1. Would you check which residues across the stretch B:165-189 are facing chain A (nearest Cβ under 10 Å) and of a type outside the set (A, V, I, L, M, F, W, C) and list them?
2. Any residue in the stretch B:126-150 that is closer than 24 Å to residue B:68 by Cα sitting within a Cβ distance under 8 Å of a residue that is surrounded by fewer than 19 Cβ atoms within 10 Å (Cβ to Cβ) and among the aromatic types (Phe, Trp, Tyr)? List the pairs, counting only those 6 or more apart or interchain.
3. Are any residues in the stretch B:14-43 among the hydrophobic types (A, V, I, L, M, F, W, C) and under 16 Å from the mean Cα position of the chain (by Cα), and if so, which ones?
4. Which number in (1) more than 13 Å from every other protein chain (Cβ to nearest Cβ); (2) in contact with a helix residue (DSSP H, G or I) (Cβ under 7 Å, 6 or more places away or on another chain); (3) surrounded by fewer than 20 Cβ atoms within 10 Å (Cβ to Cβ) marks the one condition that residue B:162 misses?
5. Sort out which residues of the stretch B:131-147 are over 13 Å from the mean Cα position of the chain (by Cα) and surrounded by 17 or more Cβ atoms within 10 Å (Cβ to Cβ), and write them in order of number.
6. Starting from residues that are under 26 Å from the mean Cα position of the chain (by Cα) and over 30 Å from residue B:12 (Cα atoms), keep the ones in the stretch A:108-162 and report whichever is modelled with the highest pLDDT.
7. I need a count of the residues in the stretch A:1-50 that are surrounded by 15 or more Cβ atoms within 10 Å (Cβ to Cβ) and either in a strand (DSSP E or B) or at positive phi (or both).
Amino acid sequence: MELLWKYAEGNCTPDEKVAVERMIASDPLLRKELEIMLDVQSNLAGMEAQSPSLHFTQNVIDALPELYANKEIEPLVKPIWMKVFVGAMVAIFAVIISIPKSSGTSTISLPYLEEITNFINNTVSHLPSMTIQFSILILLSLAMLVFFDKMMIKRVRGLMMI
Amino acid sequence: MEKDILLIKETMQGSKTAFKSLVEQYQDYVFSVTLKILKNREEAEEAAQDTFIKAYRALGSFEQRSKFATWLYQIAWRTAIDRYRSRPATRQSLDDEQSFLQIRDTSATPLQQVQQQNTRSLIENALGQMKAENATLLTLFYLNEQSVKEISSITGLTESNVKVKLFRLRNTLKNILTQNLKEEVNSLV
């Protein structure tokens, strides 16, 4: 019986197929059984899905909770502050570079400026590699900020998915 | 499968349009499963709606170990079974006759069509009288094209149990047709 069902479903191996065909050729009752099985099989295989009402999809969409709403994820450091930060760093950098050359010929006479420039000048003269150290410090700070920002965005997105 | 995964990703990024596509793709199959269990269109539609909302909430936990369809039918099965169990025992479905399976029309001669109609109505009646679980097993296997292994994960039955049940159910249908054939022959004699 199981072999006949296998045959009706089309799952028989070539050997089994030959065996079944031999059996049904010599036994009309078995052939009738197989015909009924094929009938059942084709009717079941021809089942069609039933459709819900026309408004079903919209009803589902309307009932969805706001789980994955497209919230704007703001970066930790706003672009404007990044610009200010970079600008300030560039300015400091420029001052450090220009001070040793222009200290002697400076025409600016703002209060405390001379003291500041003298201090920076002295510091720089004691640390010849200060420019390089500053550059590295700035780059590292920027890299860390960008990395931290991306990490936070990822984390927030992960929380939204839960 | 890949299309489903893409739609799931888009849904989780906030696109309800992507989830709408998933609903449209699977609503008929999910509804067929819930209808087979509950045998009442209104209740089945509510269960199908619950299924999609539950799936939406749990999309983050879908690990792609199985097909999305199998995962979805598993939710549909549990949702419908829970509803079925919470029903008062005496409650009768008002539109049971609509829960029978629809059988696809094929081109055939008028005589064959009459014979097919007879077979169809017999099978439909038999399926309608079956236990909800049994009729759903046949639906999952033949309509939703789920394998024995997938049906096992949807229903929680063991694979061998699913195989045995499917075998017995087909035999039951075959016996009904055989009995009917004998009655027809006797009436002719």
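1. To start, the set of residues in the stretch B:165-189 that are facing chain A (nearest Cβ under 10 Å) comprises B:166-167, B:169-178, B:180-181.
B:170, B:171, B:172, B:174, B:175, B:178, B:180 - these are the residues of the stretch B:165-189 that are facing chain A (nearest Cβ under 10 Å) and of a type outside the set (A, V, I, L, M, F, W, C).
2. B:132/B:84
3. We begin by selecting, within the stretch B:14-43, every residue among the hydrophobic types (A, V, I, L, M, F, W, C); these are B:18-19, B:22-23, B:30-31, B:33, B:35, B:37-38.
The answer is B:30, B:31, B:33, B:35, B:37, B:38.
4. All conditions pass for residue B:162, except number (3).
5. Residues of the stretch B:131-147 over 13 Å from the mean Cα position of the chain (by Cα): B:147.
Answer for the stretch B:131-147, where residues must be over 13 Å from the mean Cα position of the chain (by Cα) and surrounded by 17 or more Cβ atoms within 10 Å (Cβ to Cβ): there is none.
6. From the stretch A:108-162, those under 26 Å from the mean Cα position of the chain (by Cα) are A:140-162; that's our starting set.
Of the ones still in play, those that are also over 30 Å from residue B:12 (Cα atoms) are A:140-142.
Numbers: A:140: 82, A:141: 85, A:142: 82.
Top of the filtered list is A:141.
7. Residues in the stretch A:1-50 being surrounded by 15 or more Cβ atoms within 10 Å (Cβ to Cβ) and either in a strand (DSSP E or B) or at positive phi (or both): 1 in total.
So that you can scan it fast, the table gives a plain yes or no per residue for (1) touching a residue at least 12 places away in the same chain (Cβ under 8 Å); (2) crowded, with 21+ Cβ neighbours inside 10 Å; (3) within 8 Å of chain A (Cβ to nearest Cβ):
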| site | (1), (2), (3) |
| --- | --- |
| B:11 | yes, yes, yes |
| B:14 | no, no, yes |
| B:19 | yes, yes, yes |
| B:24 | no, no, yes |
| B:28 | no, no, yes |
| B:32 | yes, yes, yes |
| B:39 | yes, yes, no |
| B:49 | no, yes, yes |
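The values are calculated or read from the model by the stated rules, or taken from the named source; none is laboratory data. These numbers come from a predicted model, not from an experiment. In this analysis, Cβ positions are derived from the backbone assuming ideal geometry, glycine residues included, and neighbour counts consider all displayed protein chains.
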